[in-house]
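What follows draws every value from the coordinates through simple rules; no lab data is involved. Everything quoted here is computed from the prediction, not taken from an experiment. For neighbour counting, all protein chains shown are included, and Cβ atoms are generated from backbone atoms with ideal geometry for every residue, glycine included.
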Ligand code: NDP
């Protein structure tokens, strides 16, 4: 262990049983520690260790009643990682496989991602081990009400502002916001991703997917490559995947796959606009499966991932660690030149090493999917101003923010036509969070 590594190793030893959190820390520290070593300012005041340890992790019980009148109990969490730049900000995830480790890794990632947007937002993340699949609308509403009854103690427009993520879309945000208002008697921007009818922002629903394509366009342009006609393999069939596909089709690219927890759907010639709409209709709200769809020219592969197809750009948009070593080999064999991470930390460390060894251009999630939280930041601004901006204005701001993030990645990632986007995003974000943290003194 080198001296520079010591704080990282200490934090890892102190947090056994949190492999995803360790993975996220190691991924960032891989580039940050050598940089900090050369910049004595960043070695002052135990800064690295302060950035590795979350401000706090909150856990609470969520008690609710199902349609049969049975009392059900779930665990809820809110991870508040760092608020040096602004109030904690990050989504809520409802999924049976989450635990404290999940939210610690996501809140850490969120801190760095939010810093890249240039907006005053710190990093947080939360949710519950509640499975919305197979639940009635009434059950989901009662769960959201019970969840917010606990969560409201820890959030507020200048304290911590949650939004959606896996399993939490605009319907759930509506139920959560309704409960927040009822308890606090305040109609204020304590949540983002709201319906524009009561304080939400235009473009927020599509922002993560559209922003991802704006970023991808900037990367390709930097390398003199056109997005038009590129074959893109997507995983996932939720908010991020479907809006990424929507923007890719608008840009003339071809989308050749989607996937969900049951399998993947391939159309080697590319899905049409009409087919995308059919997929959207099936997948919107919990329950529909890609396997139910009978679309011309498509092939459904049960229990399979989409990476064995032929394509130019891989875009994982489902969940963490979905790209394992075997998938990395398929991506390399497909001849793809780019991997654009739309989901958070979708690539295992072993898979990432293989992809980087083959010089694949990897666009990290904290840059590629920052568009969602960026528009959440714009939603906060609109709520504070008591204004609603037009679609055109918000979309323009989103494009500018994604362009700015690209410039940061180029500046810190080596410039030229061999930009290291992982290094660029990590260092660009680190400098902002570190400078703000140091300016606060020992706090
Ligand atoms: P959704 O819940 O809308 O969709 C998730 C999709 O991924 C679904 O199609 C789901 O399948 C699939 N999926 C989830 N887990 C698995 C799994 N273990 N194996 C296979 N498929 C899986 O979530 P989002 O689209 O909102 O989020 C996707 C990713 O993007 C996440 O990593 C999230 O953190 C990240 N992200 C989301 C943002 C947002 O604004 N929503 C912002 C920034 C990042 P099924 O339909 O069968 O459940």
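Computed from the Cβ-Cβ distance with R0 of 35 Å, the FRET efficiency linking residue 440 to residue 183 stands at 0.65. Of all DSSP beta bridges confined to the chain, the antiparallel ones make up roughly 60%.
Here each label is just a point 7 Å from Cα along the line to Cβ, and for residue 44 and residue 26 those points are 3.2 nm apart. Going by a ≥ b ≥ c, the root eigenvalues of the Cα gyration tensor, does the chain fall in the rounded group (a/c under 1.5), the prolate group (a/b larger than b/c) or the oblate group? Because its axes are fairly even, with a/c under 1.5, the chain counts as rounded. Multiplying the residue separation of residue 14 and residue 66 by 0.36 nm and removing their Cα-Cα distance gives an extension gain of 14.9 nm. Given the options 87, 346, 19, state which has the largest fluctuation in a GNM of the chain using a 10 Å cut-off (strictly under) for Cα springs. For the chain, modelled as a Gaussian network with Cα springs under 10 Å, the answer is 19.
You can think of it this way: the chain between residue 197 and residue 272 has 23.9 nm of extra reach, that is 0.36 nm per residue less the Cα-Cα gap. Specify the residue with the greatest mean-square fluctuation among 81, 153, 187, computed from a Gaussian network of the chain linking alpha-carbon atoms under 10 Å apart. Its mean-square fluctuation being the largest, the pick is 153.
Rounded to the nearest 5, the antiparallel percentage of DSSP beta bridges internal to region 54-190 is 70%.
Stretching the chain fully between residue 226 and residue 385 yields a gain of 53.4 nm (0.36 nm per residue, less the alpha carbon separation). Rg over Rh for region 54-190 works out to 0.97, using Cα positions for both radii and the Kirkwood form for Rh. Centre-to-centre separation between the Cα atoms of region 1-59 and those of region 157-188: 32 Å. Put in line by how crowded their Cβ is, counting other Cβ atoms within 10 Å and starting with the fewest, 442, 202, 409 read 442, 202, 409. Beta bridges assigned by DSSP with both partners in region 206-365 are antiparallel in approximately 40 percent of cases.
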